[in-house]
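Down below is the structure, laid out as structure tokens.
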Amino acid sequence: MSFFDLHCHPFTKAVWMNGDRQKLLEENIVTVIDSKFKPGVGNLILRIFGGSQIKFFDSQSSLKQITQGSGQIIVASLVAMENSYANLGFCVFKNVFQRIQNVNRAQLERLGRSQISYADVMSLERSLAIDFAGNNLNGLQYRIINSFDEIKDDGLLNIILSIEGGHCFYQRPSVLDQESAANAHEVVDALFDWKQKVKTGQLPRLLYTTLTHHTTNCLTNHSFGVPPGLAGAGKNSVAGGFNPAGNSLTDVGISFIQAALKETDEEKRILIDVKHLSLRARLDFYELRRQMINEGHPSFPILATHMGVTGLSLNDAIVVPETGCRKFPEDDNCFEVEYVDAERLNGFFVTTSFDTRIDILRFNPWTINLFDEDITEIVESDGLIGFSFDSRILGNEVVDRERFSKHEMNPLPSISGIDFDNEIDLENGEVIYPFQNKQEFGESRYPEKPFFDVPFTSGEELKKHTDLMALCQNIVHAVRIGGSKAWDCICIGSDYDGLINSIDFVPNASVIPAMERLFKLYMTSMVTTLNEFIAERHTGEDRIDIPDDFYERFVIENAKVFLKKHFI
């Protein structure tokens, strides 16, 4: 069966490697760490991202892999690597990138020294995508499409473009200069200019844009998304750092949203993807959407393109008591939160026949993921949730501490009554604060009865399958919260080649078809077990009716329906 992917990066690696551009597109790019790479740093990479070899990442979404996996339609997201990846002396990323074999070190240095704008970095990837569209790439071919009517089922890959991060519209090499009060409006102007060039055929149309990515910008605050071991201290004196800062959407950010969504007979709208927005910014975006519609703006769907879910409502208390929230030692404007290993984060149980062990699937509570309230907003908007194939995002990895801007602490689940602007006079900056639910974190919302017995005989094989189970669990939770309508709002949003630890069962696009049988089995078993649990509890919760074609909807059909309505 053909598949659709709402978010992947087939062109990104090729932009950062030396060599013939066409040959880079024709083959899988396996980024290999140089043999001179320091073992200590190499081991850190392996601990954080997993893997059995000293490789930075295997290829995940090359054109060859997408074609081998029967990809029919993908959204290729263009992204400018941020300055903090290349500039921060204490950041492991810089050490890694400089030691990748055949990496374009000169380009990396230009970025780190603020000698090239984010817009110019993004345009390298855009040009690569445009220049080779329609070419025969050693038997591979793709077309870039600007509307649903241009999609064809003729063996060529259909590619829609999107942008990841409003910083991609920064025209000035100096990030701080671009973000100054005098120049920040230029980011909105650059977005408007793109839309004008779409009208004249100079640039391809964008399906969506995110406002932010992994570092701060002038449009909004972001959710902390980088593994702490790689983010280091997280600050950057010459550009946005990895640590969240500020408070929600800025005035420029609101103008950016309104400009993107503006649509006339000649001007097509660009949808907003809420991925990477901070929790506070997401909540404010939903309110802005309601306000715009109430004032006469045409309704528009909400996209969340490469997500996991927290498994939580905003009212759930999941932070470690007494020592779970503290000032981050390296950044006075940043707080660090440790999540409690609570039953509330438990998902489904699975048993293993070979050692009679019981494993518990978990959710990842980081606020980069969707809360129940997010799911409701997206489904009610007739939006689309793309589920990431990143095992960390899906909750099948150890949950690290999360960082927050001190100005956005109050939206964190169950924290109240703290003035985070005031100095906290406690040893090590630790905070003791009230919970709405301090004595009882809340029971699990999922049955303790195992939904499946795994016959595998090794931990490695078990991890491979629990990764796929974690994907299924995230989807089941979204449908549980969103109701039957949510079956029409789910799709793949793999984030392949986007700095992810891809799930072991489906490590790249070429093997997506291989998941069908077990995906169907795990989904059906989870829903059956959950419905029994719901019936036993007598809480009035509706049982979940699983449609016969749920796999087809997830893999491609929902996307086609969405594009036919919203990409015309």
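What the table shows:
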read-out	value
Total residues in the range 260-300, condition crowded, with 22+ Cβ neighbours inside 10 Å and of a type in the set (Ser, Thr, Tyr)	1
Matching residues in the range 362-378 - criterion: being more than 16 Å from His276 (Cβ to Cβ) and crowded, with 24+ Cβ neighbours inside 10 Å	Phe363, Pro365, Ile375
Close pairs (6 angstrom Cβ cut-off, 6 or more residues apart or separate chains): in a helix (DSSP H, G or I) in the range 191-212, among the aliphatic types (A, V, I, L, M) and at pLDDT 95 or above anywhere	Leu191/Ala259; Phe192/Ala259; Trp194/Leu203; Lys197/Leu203
Residue list for the range 204-237, filter: under 23 Å from Phe300 (Cα atoms) and among the hydrophobic types (A, V, I, L, M, F, W, C)	Leu206, Leu207, Leu211, Leu219
Strands (runs of 3 or more DSSP E) lying entirely in the range 337-439 (those with 1 or more residues that are modelled with pLDDT of 80 or more and over 30 Å from Gly482 (Cβ atoms))	346-352
Selection count where residues are under 21 Å from Ser77 (Cβ atoms), β-branched (Val, Ile, Thr) and either modelled with pLDDT of 95 or more or over 17 Å from the mean Cα position of the chain (by Cα) (or both), scope the range 217-256	1
Residues satisfying the stated conditions in the range 97-118, i.e. aliphatic (A, V, I, L, M), buried (at least 21 other Cβ atoms within 10 Å of the Cβ) and closer than 28 Å to Leu157 by Cβ	Ile100
Any chance Ser84 is surrounded by 22 or more Cβ atoms within 10 Å (Cβ to Cβ), small (Gly, Ala, Ser) and at pLDDT below 95	yes
Meets criteria (at pLDDT below 95 and basic (Lys, Arg)) for Lys268	no
Among residues of the range 544-555, those that are out of contact with any Ser or Thr (no Cβ under 9 Å at 6 or more places or on another chain) and surrounded by 13 or more Cβ atoms within 10 Å (Cβ to Cβ), counted	4
Checklist (1) crowded, with 24+ Cβ neighbours inside 10 Å; (2) touching a Ser or Thr at 6+ places or on another chain (Cβ under 7 Å) applied to Glu343, failing item	(1)
Candidates Ala239, Ala181 - the one that is crowded, with 24+ Cβ neighbours inside 10 Å, of a type in the set (Gly, Ala, Ser) and assigned to a loop (DSSP other than H, G, I, E, B)	Ala239
Check on Arg543, charged (D, E, K, R) and part of a helix (DSSP H, G or I)	no
Close pairs from the range 120-133: first among the aromatic types (Phe, Trp, Tyr), partner part of a helix (DSSP H, G or I) and surrounded by fewer than 17 Cβ atoms within 10 Å (Cβ to Cβ), Cβ under 8 Å, at least 6 apart	Phe132/Arg21; Phe132/Gln22
Matching option when the condition is part of a loop (DSSP other than H, G, I, E, B) and either within 23 Å of the chain's Cα centre (by Cα) or closer than 24 Å to Thr215 by Cβ (or both), among Asp331, Asp265	Asp331
Residues located in the range 363-379, provided they are over 13 Å from the mean Cα position of the chain (by Cα) and in contact (Cβ under 8 Å) with a residue 60 or more places away in the chain	Phe363, Phe371, Asp372, Glu373, Asp374, Ile375, Thr376, Glu377, Ile378, Val379
Subset of the range 268-305 that is part of a helix (DSSP H, G or I) and among the basic types (Lys, Arg) - its residue that is farthest from the chain's Cα centre (by Cα)	Arg290
Number of positions in the range 109-168 that are part of a helix (DSSP H, G or I) and farther than 30 Å from Glu179 by Cβ	4
Cross-chain or 6+ apart pairs with Cβ under 6 Å, the range 510-536 first and farther than 17 Å from Ile475 by Cα, then part of a helix (DSSP H, G or I)	Ser510/Gln65; Ser510/Gln68
Count - residues of the range 2-13 that are at pLDDT below 95 and either over 21 Å from the mean Cα position of the chain (by Cα) or of a type in the set (Gly, Ala, Ser) (or both)	0
Search result, residues across the range 245-297 that are under 20 Å from Arg205 (Cα atoms), of a type in the set (A, V, I, L, M, F, W, C) and without any contact (Cβ under 8 Å) to a residue 40 or more places away in the chain	Leu261
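The values are calculated or read from the model by the stated rules, or taken from the named source; none is laboratory data. Because the structure is predicted, anything quoted here is derived from the model rather than measured. Backbone-built Cβ (ideal geometry, glycine too); neighbour counts: all protein chains shown.
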